[in-house]
Number of protein chains: 2
Amino acid sequence: MSSISIYIAEDQGMLLGALSALLAMEEDINVVGKASNVKQAWQGIKETMPDIVLTDIEMPEMTGIELAEAISDSDLDCKVMILTTFARSGYLSRALDAGVRGYMLKDAPSEELAASIRKVQKGRKVIDPELMLSAWDNKDPLSDKERSVLRLAESGLKTEEIAQKLFLSPGTVRNYLSNAASKLNANNRIEAARIARQKGWL
Amino acid sequence: MSSISIYIAEDQGMLLGALSALLAMEEDINVVGKASNVKQAWQGIKETMPDIVLTDIEMPEMTGIELAEAISDSDLDCKVMILTTFARSGYLSRALDAGVRGYMLKDAPSEELAASIRKVQKGRKVIDPELMLSAWDNKDPLSDKERSVLRLAESGLKTEEIAQKLFLSPGTVRNYLSNAASKLNANNRIEAARIARQKGWL
DNA sequence: AATTCGATATGACAAATGTCACTAGGTCAC
DNA sequence: GTGACCTAGTGACATTTGTCATATCGAATT
């Protein structure tokens, strides 16, 4: 009978190893490779041609979503599943655009993982249900500039410094921040940044 | 021959299950229970009396450090090991004060876990080396008030609102924020909060 | 009783931030 | 080529924040 070959990309060494152990216990699943960063994963995937790639999102250098996009752009025939801590609708939207077949949360019980993998292998999609709902009406209202200005404000830079980094006038920066805050119903830049980050828009 | 009994507390379902699988593969280690929150873990530990408790820090309701303190205050004879994402010196100091025997990072390779557990069982301490260094000169300079004020400022509340929540005058709040910022070499409340959080002081 | 100390508060001032109305140039569709 | 729209900028003003010197008051110390 056909066993499912799977490649794992996850930057937390402990989880990477533990997931391998978990999946190794399943008779019909075969872990053919693992990596703790996207670059290495991309190499390994091209070599091993797994049925399924299981990847985290937030990793150093490049994100799992970018990995998914690379795979989708290539002629590789493998299905990507995301496994992440973050229930952020922005992430899910981007992941779906990248042709991802599964989006699961690390909060979910580990028993579901193997089951989800088998579903995806059969061609079905597996999206964490609570996320599916929130992703719908939750589109990012921010413009590119607003996003980048917010990102800098978040780390405590003052208007003047943000302006210099982005080659804008301080007044413009304040306008962007003001706009962003009003779009997000925030009272100031701090709150705006917090909200945006929590939604996965930063 | 004596096998090591171990109890796992970890709120991320996926990691909890995967760690169990990982440790189950070791012949001399026996996972006697697991929980995804501190309260449940505390119950389970009293019943199963494990040799070692392996716990995360950040969990809903109560932290793993509080669990360690509870165990240390009780007459239970079990060794606590912390497994966390965060390389924050503040966490480590508090953990050591609570009598913890091991402090490992989730970034570490999973192969080391079993080895560390055996070391601790033999009475040795296992502290992630890079942390040991940074913990030394990195004591929290903040007062309790400064901490709580910073925590609220971080979420975007304005001075007036913080004052109301803490039953202080707005002027006092500003003094505390100003003090905190100067202690942390920050230019404003946002940067101060960022620094403090990153060090594990919030 | 006198002194020291910490926590809290005030007032005053400078600086940064938030808001808004308005201008100027570019691009794009029609 | 006109109008709609986007990006960027300006100026003015109110509000919020950061800083500092100083005051009060009770608890702890001597």
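Read-outs: derived from the displayed coordinates by stated rules, not from any lab. Keep in mind that this is a model prediction, so the values were computed, not measured. For neighbour counting, all protein chains shown are included, and Cβ atoms are generated from backbone atoms with ideal geometry for every residue, glycine included.
Summary of values
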item	result
Copies compared at residue B:74 - label distances in nm, ascending, label defined 7 Å from Cα in the Cβ direction	5.0
Within the stretch B:50-95, GluC sites (Glu not before Pro) in DSSP loop having at most 15 other beta-carbon neighbours inside 10 Å	B:58, B:61
Along each principal axis, Cα extent of the stretch A:4-135, largest first, Å	35, 30, 29
Electrostatic dipole magnitude of the protein assembly as shown [Cβ: Lys, Arg +1; Asp, Glu -1; Cα centre; debye, to 20]	1420 debye
Sorted by Cβ density within 10 Å, fewest first, the residues A:28, A:107, B:56, B:11	A:28, A:107, B:11, B:56
Residue of chain A nearest the A-to-B rotation axis [by Cβ], rounded angstrom distance	A:18, 2
Unit charges on C-beta of K, R, D, E only; dipole of chain B, Debye	720 debye
Partner lysines for residue B:145 [C-alpha distance under 24 Å; skip if fewer than 8 residues away on the same chain]	B:158, B:165, B:183, B:199
Residue B:30 paired with residue A:97, simple spin-label distance in nm, labels 7 Å along Cα-to-beta-carbon	5.4 nm
Loop chymotrypsin sites (Phe, Trp or Tyr not before Pro), the stretch B:33-91, which have at most 15 other Cβ atoms in a 10 Å radius of their Cβ (DSSP)	none
Cα convex hull of the protein assembly as shown - mean projected area over all directions, nm²	22.8 nm²
Computed Kirkwood radius, in angstrom, where 1/r is averaged over Cα pairs of the stretch B:96-202	16.1 Å
Peptide B:78-86 - average C-beta neighbours from other chains (10 Å radius)	1
Cleavage-rule hits (chymotrypsin sites (Phe, Trp or Tyr not before Pro)) in the stretch A:108-199: DSSP loop, at most 15 neighbouring Cβ within 10 angstrom	A:167
Exposure proxy ranking, count of Cβ atoms within 10 Å, fewest first, for A:53, B:32, A:38	B:32, A:38, A:53
In order through the stretch A:109-116: 3J(HN,Hα) via Karplus (6.51 cos²θ - 1.76 cosθ + 1.60), integer Hz, x for Gly, Pro	x, 5, 4, 6, 4, 4, 4, 5
Distance histogram in 10 Å bins (all Cα pairs of the stretch B:144-199, percent per bin)	28, 60, 12
Charge-dipole axis of the protein assembly as shown as Lys and Arg at +1 and Asp and Glu at -1 on Cβ define it, positive-most pick from B:5, B:108, A:63	A:63
